[in-house]
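Participant: I'd like to ask you about the structure that follows.
The values are calculated or read from the model by the stated rules, or taken from the named source; none is laboratory data. Being a predicted model, the structure only gives us computed values, none of them experimental. With ideal geometry, Cβ positions are generated from the backbone for all residues, glycine too; neighbour counts draw on all protein chains shown. For the accessible areas, the whole protein counts, side chains as well, though only heavy atoms, and no ligand, DNA or RNA atoms are used. Shrake-Rupley method; radii C 1.70, N 1.55, O 1.52, S 1.80 Å.
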Amino acid sequence: MGVFRTLKDEIQTVFERDPAAKSRLEVIFCYPGFHAILFYRTAHWLWMRKMHFLGRLVSHFGRFFTGIEIHPGATIGKRFFIDHGMGVVIGETAEIGNDVTIYHGVTLGGVSLEKKKRHPTIEDNVVIGSGAKVLGPFTVGKNAKIGSNSVVVKEVPENATVVGIPGKIVTNGRETARFDHNLLPDPVARTISDMATRMCHLEAEINRLKKQQGEDEDNN
């Protein structure tokens, strides 16, 4: 009964987060993210019972059929949604909470060769945009948002929004930015804009001083 309940939740999650979904049959037969989760749940069940080779084999089949690579040792919570999904990679020691959404090209990777916790912990309700790379054994806090193509290499607090390479926190508080990429703040553009404004002020000040110097010379 628990298996069927889990499948029902996974299907319902697709309808809640993808407006393109039209029917349950479409989700069951045409959604690689849904298929990847089914492969993962099976592979993880085998992995946790020390059937490591079979777990990896099922995971490998899942990668072949969906283009999504989830290591069977990863821990993934309920209602996990992968939109489109091609190129997603989730490492062995990654931990993902409930109600997390990730898009295609996301990597939850490691930066160490040691046999220890190497991959990130993603807490509940996190959204990770397409192409983002989250690298290392740190935590991305609840309700955080990571913009597309960002590279995150250090801890992200709860309710924060991160964009850029390397990732920079652009909002940090109870109110997070909407996950419309055209509305996300751009810290690099903001810095350049501030520099340009400062240069205009300095240029005006230099011109004022030159004018004042010329007037003083004329008076002398």
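Participant: Against the conditions (1) within 26 Å of GLN12 (Cβ to Cβ); (2) open to solvent by 60 Å² or more (accessible area, probe 1.4 Å); (3) not basic (Lys, Arg), where does GLU114 fall short? Just the number, please.
Facilitator: With (1) within 26 Å of GLN12 (Cβ to Cβ); (2) open to solvent by 60 Å² or more (accessible area, probe 1.4 Å); (3) not basic (Lys, Arg) applied to GLU114, the lone miss is (1).
Participant: Residues ARG63, ARG79: which one is basic (Lys, Arg), open to solvent by 20 Å² or more (accessible area, probe 1.4 Å) and outside any loop (DSSP other than H, G, I, E, B)?
Facilitator: On the way: ARG79 fails: outside any loop (DSSP other than H, G, I, E, B).
Of ARG63, ARG79, the one residue that is basic (Lys, Arg), open to solvent by 20 Å² or more (accessible area, probe 1.4 Å) and outside any loop (DSSP other than H, G, I, E, B) is ARG63.
Participant: When residues of region 1-46 are filtered for being under 13 Å from ILE70 (Cβ atoms), free of Cβ contacts under 8 Å to residues at least 40 places away in the same chain and small (Gly, Ala, Ser), how many remain?
Facilitator: Looking only at that region, the number is 1.
Participant: While we're here: Taking PRO19, is it closer than 20 Å to ILE128 by Cβ and open to solvent by 70 Å² or more (accessible area, probe 1.4 Å)? Walk me through how you get there before you give the answer.
Facilitator: Details: closer than 20 Å to ILE128 by Cβ: yes; open to solvent by 70 Å² or more (accessible area, probe 1.4 Å): yes.
Criteria met by PRO19.
Participant: Which of the residues that make up region 38-51 are within 15 Å of PHE81 (Cβ to Cβ) and either charged (D, E, K, R) or touching a strand residue (DSSP E or B) at 6+ places or on another chain (Cβ under 7 Å) (or both)? Working first, answer last.
Facilitator: At the first step, the residues of region 38-51 found to be within 15 Å of PHE81 (Cβ to Cβ) are 38, 40-41.
TYR40, ARG41, listed by residue number.
Participant: Could you please find all residues in region 98-118 being more than 24 Å from ALA20 (Cα to Cα) and over 13 Å from the mean Cα position of the chain (by Cα)?
Facilitator: GLY110, VAL111, SER112, LEU113, GLU114, LYS115, LYS116, LYS117, ARG118
Participant: Further question on the same structure: Among what's in region 184-210 and is basic (Lys, Arg) and at pLDDT 80 or above, pick the residue that is nearest to the chain's Cα centre (by Cα). Spell out how you get there, then give the answer.
Facilitator: Step one: of region 184-210, the residues basic (Lys, Arg) are 190, 198, 208, 210.
Checking the rest, the ones that are also at pLDDT 80 or above come to 198, 208, 210.
Values: ARG198: 34, ARG208: 49, LYS210: 52 Å.
In this case the residue turns out to be ARG198.
Participant: What do you reckon, is GLY73 in contact with a helix residue (DSSP H, G or I) (Cβ under 9 Å, 6 or more places away or on another chain), at pLDDT 90 or above and in a helix (DSSP H, G or I)? Show your work before the answer.
Facilitator: Values: in contact with a helix residue (DSSP H, G or I) (Cβ under 9 Å, 6 or more places away or on another chain): yes; at pLDDT 90 or above: yes; in a helix (DSSP H, G or I): no.
No, not satisfied.
Participant: Further, regarding this structure: Quick one: is PHE34 closer than 16 Å to VAL100 by Cα and not basic (Lys, Arg)?
Facilitator: Judged against the criteria, PHE34 is a match.
Participant: Considering only region 156-170, state which residues are surrounded by fewer than 17 Cβ atoms within 10 Å (Cβ to Cβ) and more than 19 Å from SER130 (Cα to Cα).
Facilitator: Residue satisfying the conditions is PRO157 alone.
Participant: Now for a different question. Of all residues in region 82-111 being of a type in the set (Gly, Ala, Ser) and crowded, with 18+ Cβ neighbours inside 10 Å, which is modelled with the lowest pLDDT? Give the steps one after another, and end with the answer.
Facilitator: Taking region 82-111 as the starting set, the residues that turn out to be of a type in the set (Gly, Ala, Ser) are 85, 87, 91, 94, 97, 105, 109-110.
Adding the requirement that they be crowded, with 18+ Cβ neighbours inside 10 Å leaves 85, 91, 94, 97, 105, 110.
Values: GLY85: 86, GLY91: 94, ALA94: 95, GLY97: 94, GLY105: 94, GLY110: 90.
Across region 82-111, the extreme among qualifying residues is GLY85.
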